[in-house]
1. If we scan the range B:101-117, do we find a residue that is surrounded by 21 or more Cβ atoms within 10 Å (Cβ to Cβ) and under 29 Å from B:Met160 (Cα atoms)?
2. So is A:Arg98 part of a strand (DSSP E or B), closer than 29 Å to A:Ala243 by Cα and more than 14 Å from chain B (Cβ to nearest Cβ) or not?
3. Output the number of the condition that A:Thr71 fails; it satisfies all remaining conditions of (1) more than 10 Å from chain B (Cβ to nearest Cβ); (2) surrounded by fewer than 21 Cβ atoms within 10 Å (Cβ to Cβ); (3) touching a residue at least 24 places away in the same chain (Cβ under 8 Å).
4. For the range B:165-177, indicate whether the set of residues that are over 23 Å from B:Val123 (Cα atoms) and without any contact (Cβ under 8 Å) to a residue 40 or more places away in the chain is non-empty.
5. Filter the range B:235-277 for residues that are in a loop (DSSP other than H, G, I, E, B) and more than 7 Å from chain A (Cβ to nearest Cβ) and give the result.
6. If you scan the range B:1-37, which residues turn out to be of a type in the set (Gly, Ala, Ser) and within 23 Å of B:Val236 (Cα to Cα)?
7. Any idea which residue in the range B:9-62 is farthest from B:Leu115 (Cα to Cα), counting only those that are more than 14 Å from every other protein chain (Cβ to nearest Cβ) and among the small types (Gly, Ala, Ser)?
8. For a quick check of your reading: which strands (runs of 3 or more DSSP E) sit entirely within the range A:118-183 and have at least 2 residues that are more than 14 Å from every other protein chain (Cβ to nearest Cβ) and surrounded by fewer than 20 Cβ atoms within 10 Å (Cβ to Cβ)?
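The values are calculated or read from the model by the stated rules, or taken from the named source; none is laboratory data. Computed from a predicted structure; not experimentally measured. Every residue, glycine among them, receives a Cβ derived from its backbone with ideal geometry; neighbour counts consider all protein chains shown.
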Amino acid sequence: MGDPPLCSVFEVTPFRRWCVVALGTLLLIGVPIGLRALPAAESDVSASALLERVRASQDAGWSGYVETEGTLQLPDADQFSDVGALFGEGTVLRAWWRDADHWRVDQLLLTGERDLIHDGGRTTAWDYERAEATVSRDPDIRLPRSADLVPPELARRFLDGVGDGDVSRLDARRVAGVSAPGLRIVPSSELSSIDHVDLWADPDTGVPLRVEVYAGSGKPAFTSTFEEFDGARPPAADVDFTATPSSDVEYDDVLDIADAANQYAPVRPPRTVAGLAKSESSDRAVGVYGEGLTQVIAIPLRDREADALRDQLAVTPGVERTDGTEDGPGRTLVTVGPLGVVLTGTEGEGGWLLAGTLNRDGLVRAADDVVRGFRYVGRG
Amino acid sequence: MTGALIRVELSKLVRSRRTWVTIALIDALPTLVALLLAWTDLGPRPGTGPAFLSAVLTDGTLFPLAALAIVLPLFLPIAVAITAGEAIAGEAQQGTLRYLLVRPVGRTRLLVAKLVAVMAFVVLTVLVVAVTAYVLGVLLLGNETVTATGPATSVSGSSMSTAELLGRTGLALGYAMLCMLCVAAIALFFSTVADSPLGAALGTLAILVASTLLITLDAANAVQPYLPTRYWLAFVDLFRDPILWRDVVRGVVLQGVYVVVFLGAGWANFTTKDVTD
């Protein structure tokens, strides 16, 4: 009596065939979903200790793959279209950060790449589709750019002036495969339009891995998160850039409209607006006021730039237009999530553009203060 | 036995006039684009055209990649869906499937032979498109000095040696072929289910169109990583510096899962099906 042949024991019936296919499909789909759903390991670090650890990480080196998601539909004005895209759309970034002076942030596009390579006081902007590298010095004042949106940079800006009393702990969360303890920051100033900012940090290095900005209690208005993270300092070769012979290399004295206004506009904004002090770095035509979660920038615009922007603001949903009176200057005001934008003056007058994380009343106060308090200076 | 069957299927493929007409039609689009670019010297505005199309005005050796980006989203999958959709359903519609299975070839072997033939079609098409594009690129496009002397410029702005460019181009072509294997697996499954080749091709295209549509929809973010066309254009990442493997690897794994699942379902269905045609 021998054993029965294998084929008679495991007879391949139609039912079994379909079972094999169904089981294989379930395994292939279920395993990765199951791995993703693994809960994060909790941490007992206190809020103030975590805040300290995050602050201490500002000199840390790291590299990673970052995705940002913005819901702020800003007016599509020419000079500000890049800023609008950064805060209103999804952005995919790959970054290598040796220190604050040596880094590279690549904005990945389906059709190419737009990179920023920072070396000391100089930044090279590479655009693949234009085959063009533009070198510029680092201005005192500039508009936001892709490198400002990586979680560590975003957190660094938000944490300015934040004290232990403004933070509380959040449950840990898995970010880029790391069980990251969370921190909630609530602005202490009543002027801030930000309801709160949540961040989760790498427990080993303290580098922020995910930042969420909330205007209210609903979904975040802006999110920046690492999808892949390496806490080791990247080698110098990763942040190096040498243009190829077929690429155009240009040198720009003026980076953007904020830099241009700051260098050449013959005006000086007041020292304080809406009770917020001007930062030390803004000692020319553009003023940056406040810190952390309560900040506003004031940029003087010439009439043709102001008119184009005013036209765009005018067609933005929720716009608030006021003609000038004895009580205050004319203005066009728009709030988009936590971001408020106001342009003073009327057509043909030029005006001051104020943008920042101030609530409506704070923004109006700041605009009135700028218009009343600025002064003209001789061109120097 | 399987080898003989594969030889028969390959022979049918190569001798079919339709095969070459289809390949010529697919090749016609990038050829037309090359001629228009050479004539007008006008590239797409940044962010608007297929990947690499703006770069070929500087370096013609990149045109095979631009050609791939042109045919991969639509032309190539349609051709593969039609070819693979006909594999079983076409035989059934012509009434030849029953006679094929009367011979002791086994249904699994027949399915494998059909798949190999479809993949041979994919490989042939991709290579014809790439070679034509390379010749056109070198002859008509780009700055002659840059094209002749190199080095090429990577998407990240660094230099790429000729060997690197060739290696990465080979990887990109292989990746595109894998993506088309996924289309072939889906179409082959539908070919075992549908009564007509048209039904099988349309079923496949419905999945691909739905996938492409959902990729553009923010509300579908949660399902996007699992859509079959999600990572098709990730071959661009092979030309970044350093190579960004993230989406390429995900693409390979995802295409692999679709191939395994749909080939498995096609096999289970075909080997248990009552064949009367």
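1. No, the range B:101-117 contains no residue that is surrounded by 21 or more Cβ atoms within 10 Å (Cβ to Cβ) and under 29 Å from B:Met160 (Cα atoms).
2. Working: part of a strand (DSSP E or B): yes; closer than 29 Å to A:Ala243 by Cα: yes; more than 14 Å from chain B (Cβ to nearest Cβ): yes.
In short, yes.
3. Going through (1) more than 10 Å from chain B (Cβ to nearest Cβ); (2) surrounded by fewer than 21 Cβ atoms within 10 Å (Cβ to Cβ); (3) touching a residue at least 24 places away in the same chain (Cβ under 8 Å) one by one, A:Thr71 breaks only (1).
4. Here is the first cut: in the range B:165-177, the ones over 23 Å from B:Val123 (Cα atoms) are none.
There is no residue in the range B:165-177 that is over 23 Å from B:Val123 (Cα atoms) and without any contact (Cβ under 8 Å) to a residue 40 or more places away in the chain.
5. Taking the range B:235-277 as the starting set, the residues that turn out to be in a loop (DSSP other than H, G, I, E, B) are B:240-244, B:273-277.
Residues satisfying the conditions are B:Asp241, B:Pro242, B:Ile243, B:Lys273, B:Asp274, B:Val275, B:Thr276, B:Asp277.
6. Quick first cut of the range B:1-37, residues of a type in the set (Gly, Ala, Ser) only: B:3-4, B:11, B:16, B:24, B:28, B:34.
The answer is B:Ala28, B:Ala34.
7. B:Ala38
8. On the way: elements: A:122-127, A:132-137, A:167-175.
The qualifying strands (runs of 3 or more DSSP E) are A:132-137, A:167-175.
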